[in-house]
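Q: Can you keep this structure in mind? I'll have questions shortly.
Values in this text are rule-based calculations from the coordinates and carry no lab data. Because the structure is predicted, anything quoted here is derived from the model rather than measured. Because the Cβ atoms are built from the backbone with ideal geometry, glycine has one as well, and the counts that use them run over all protein chains shown.
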Amino acid sequence: MVFFALALPLVLLPVAAFSAEAGVLAARQAHLTEVVAQAALDAAQQLDSAALRSGSGWRVDPSAAQATARREVAEAEPAAVLDLVLTTGAQVTVSAHETVPLKLAAFVGRPVATLRARISARLTPGYSSPSSLLPLPSRSFSMT
């Protein structure tokens, strides 16, 4: 009886609080990753039309990509901070982080957790003529 009286508040309740907090953090991480992925995809669609007209090929407009990614992240997740929008030719990498206060598992020493997401997307040619719409234009992204 004494063992359960000591074990319950010292071991079992903190473990239960930590597991509940881990579930909340996993959901927030998934949402942040989804927001950053959408921002990267939208930023990768910002074609540099001047480069295309001059014959330089497919490139992403860095300033338009930066503005698009910043707007997408700010609208979808206001608590997130955009760390990086890197454009290299036809590829865009977007990185963001979010600081989440820990409510139940604050006893572990740090009262906050920092979640990070970094996604890359590439601009690819979709079709050569209107009759070649199938298969649909491809968009790709990688999670690191």
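Q: Report the local net charge at LEU82: Lys and Arg +1, Asp and Glu -1, summed over other residues whose C-beta lies under 14 Å from its C-beta. Could you put the intermediate results ahead of the total?
A: Numbers: positive: ARG70, ARG71, ARG116, ARG118; negative: ASP42, GLU72, GLU75, GLU77, ASP83, GLU98.
Local charge sum for LEU82: -2.
Q: Using a simple spin-label model with points 7 Å from Cα along the Cα→Cβ vector, what separation in nm is obtained for VAL81 and SER49?
A: It works out to 3.6 nm between the two label points.
Q: For the range 28-86, what ratio Rg/Rh do Cα atoms give with a Kirkwood hydrodynamic radius? Show your work: numbers first, answer last.
A: On the way: Rg = 12.9 Å, Rh = 12.0 Å.
Using Cα coordinates only, the ratio equals 1.08.
Q: Further question: What distance in nm separates the simple spin-label points at ALA22 and ARG110, each placed 7 Å from Cα in the Cβ direction?
A: If labels sit at ALA22 and ARG110, their model points lie 1.7 nm apart.
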